[in-house]
Amino acid sequence: MRIIYIPIDERPCNTLVVKRIANSSRDLELVMPPIHLLSNKKTPAAVERLWSWIIDNASEVDSLILSLDMLIYGGLIPSRLHEMEKKTGDKWLKRLRDFQRQFPNISIYASNMIMRTPKYSSNDEEPDYYADWGRELFLRAYLTDKEEKHLISEEESRQLQEISHSLPNTYIENYERRRRFNSRMNQCVLELVKDGVVTFLAIPQDDSAEFGYTAKDQHAVLKRRGELQLYNQVHIYPGADEVGATLLARAYNDYYHSTPSIYPIWSSTLGAQLIPLYEDRPFYESLKAHTMAAGCRLTDDPDEADLILAYNTPGKIMQESWEQYQKDITYDSFRNLSMFVENMKGFVCQGKQLIIADSAYANGGDHELIIRLDQAGILDKMLSYKGWNTNGNTLGTTISQGVLGLSHTNTLKIKENIIYHLLDDYFYQAELRMKLAEEILPAYQLTYFDLKDQAEMIDRIRDKLLLKRFRETITNSFNQTSIQIHTYAPWNRMFECGIELEVQHY
């Protein structure tokens with residue numbers, strides 16, 4: 001099977017991670033455009049050249065995984081910055097219809113984001129005025145929505161009046177004009193699904209909130225989906241950067257007419273009902289959504305399951321990963337990792353295929369879980385370990401790796417992928433990211449979101465620390481391997497890192 005893959009942006013989480021998952025299966029070849037055709041953070045992709053590249057390569061593939069944010073706006077961040085007019089959006093909708101007529105046998109698996117509204121002030125990924133007025137833009141829409149639903153308190157009403165008085169109208173108009181364009185495109189793409197141009201559409205929600213701009217846009221899309229009765233072909237759920245991996249699993253399952261079954265086990269009693277940070281629904285509801293979006297199903301019978309999903313969740317209170325050394329007591333009192341790991345070991349010993357979604361903390365993995373897995377001798381005997389960014393990011397890539405790892409698997413690639421995510425998801429994101437930001441960056445007058453011209457120096461410091469922490473922590477697993485790494489800083493910031501990983505097996 002050959003698939004063209006157009007990601008939502010150029011960062012490793014949307015390119016390299018998906019490519020690694022694809023490479024773990026011998027049944028699949030993922031074809032990606034040259035990196036120079038994609039976006040560069042706020043600089044849009046060369047969309048005309050990208051479209052030409054798609055046309056030139058389409059005759060040799062079975063499916064197309066397409067980010068409409070990349071194709072229409074030039075990338076995820078440009079989708080929040082553009083000044084497009086209706087005719088530009090209509091042009092791309094027509095091109096997709098023409099593509100389907102030209103290549104009727106190619107299935108299109110598409111993603112299209114509902115534009116997020118961060119609740120904090122920062123212009124790192126938003127318009128420049130969001131640096132000063134982002135929080136107010138979010139709160140104004142959030143409180144207005146509550147007011148319209150007659151749920152606003154007196155204090156909130158006063159706060160809304162103050163914000164409305166101070167927030168410049170020009171910023172409101174600019175922001176809302178862009179949102180109207182994007183919301184219209186969200187709904188127009190539903191027509192492409194209805195007409196059979198797009199086979200399956202995923203609409204992940206980035207930084208969801210119960211009220212405000214994003215919630216209202218989501219409601220409009222849900223309403224239109226209902227009118228068109230596209231419940232099976234259009235899925236809407238919390239997530240973002242995992243969507244390429246999810247659509248990869250969906251396309252793979254459709255092509256091979258498979259529906260893998262997943263049996264979940266939980267680290268805590270309340271975990272399934274807790275709402276993770278940055279999302280708007282309980283863990284179990286996200287599990288249902290991501291499972292179905294990937295073309296899988298849940299089962300309550302472990303004996304019939306193709307995959308055992310070990311879902312590591314908080315006990316009662318969820319924290320950021322870098323806070324786990326001062327973790328809330330409920331991580332122990334409302335969670336039993338001893339039994340959780342014993343259950344995992346039991347399934348591994350039975351020959352079951354185990355995947356781990358490490359979502360106990362936001363933005364990084366769980367130190368205690370990794371130590372316990374290494375001590376139990378199963379850290380290198382599973383199909384997948386992932387624990388990065390949001391719960392949706394972790395869950396979607398975990399399920400995708402499970403699907404691609406079920407048959408004709410490249411076992412060495414599976415082990416390399418586990419090592420990659422231990423380095424990135426735990427050792428970098430949970431341990432070293434904030435340590436470097438607090439202890440190293442200030443000495444060079446650098447900030448978390450701007451490494452200036454010193455990124456290479458920070459990368460080499462990170463390389464040494466990552467290897468040191470990996471070697472002194474993982475002592476019982478991957479004993480027949482040696483690793484070398486070279487990290488880099490996408491978007492010249494500390495939030496994520498790319499890892500060039502070399503693994504020798506002996």
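The values are calculated or read from the model by the stated rules, or taken from the named source; none is laboratory data. None of the values given here were measured: they were computed from a predicted structure. A quick note on method: Cβ atoms are made from the backbone with ideal geometry, for glycine too, and the neighbour counts reach across all protein chains shown.
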### Query
How many residues does the range 56-115 hold that are within 18 Å of the chain's Cα centre (by Cα) and acidic (Asp, Glu)?
1
### Summary
Restricting attention to the range 396-410, the residues that are under 12 Å from Gln353 (Cβ atoms) and over 21 Å from the mean Cα position of the chain (by Cα) number exactly 3
### Task
For Ala443, work out the one condition from (1) more than 19 Å from Ile371 (Cβ to Cβ); (2) not in a helix (DSSP H, G or I) it doesn't fulfil.
(2)
### Query
Of all residues in the range 251-265, how many are in contact (Cβ under 8 Å) with a residue 60 or more places away in the chain, surrounded by 19 or more Cβ atoms within 10 Å (Cβ to Cβ) and either touching a His at 6+ places or on another chain (Cβ under 8 Å) or outside any helix (DSSP H, G or I) (or both)?
2
### Query
Looking only at the range 371-397, which residues are surrounded by 24 or more Cβ atoms within 10 Å (Cβ to Cβ), among the aliphatic types (A, V, I, L, M) and either closer than 23 Å to Lys316 by Cβ or in contact with a Lys or Arg (Cβ under 8 Å, 6 or more places away or on another chain) (or both)?
Leu373, Leu395
### Task
List every residue pair whose Cβ atoms sit under 7 Å apart, with the two residues 6 or more apart in sequence or on different chains, where the first one lies in the range 380-406 and is among the charged types (D, E, K, R) and the second, anywhere, is buried (at least 24 other Cβ atoms within 10 Å of the Cβ) and in a strand (DSSP E or B).
Lys386/Ala357; Lys386/Asp358
### The one condition in (1) in contact with a Gly (Cβ under 8 Å, 6 or more places away or on another chain); (2) farther than 21 Å from Ala249 by Cβ; (3) in a helix (DSSP H, G or I) that Ser52 fails to fulfil
(1)
### Odd one out for Gln319 among (1) over 19 Å from the mean Cα position of the chain (by Cα); (2) more than 25 Å from Lys415 (Cβ to Cβ)
(1)
### Task
Go through (1) in contact (Cβ under 8 Å) with a residue 24 or more places away in the chain; (2) in contact with a Lys or Arg (Cβ under 6 Å, 6 or more places away or on another chain) one by one and return the number of the condition Ile152 breaks.
(1)
### Message
Looking at the range 96-112, can you tell me whether even one residue there is acidic (Asp, Glu) and exposed (fewer than 15 other Cβ atoms within 10 Å of the Cβ)?
### Response
yes
### Query
Among the residues of the range 192-226 satisfying the criterion of being at pLDDT below 90 and part of a loop (DSSP other than H, G, I, E, B), which is surrounded by the fewest Cβ atoms within 10 Å (Cβ to Cβ)?
Glu210
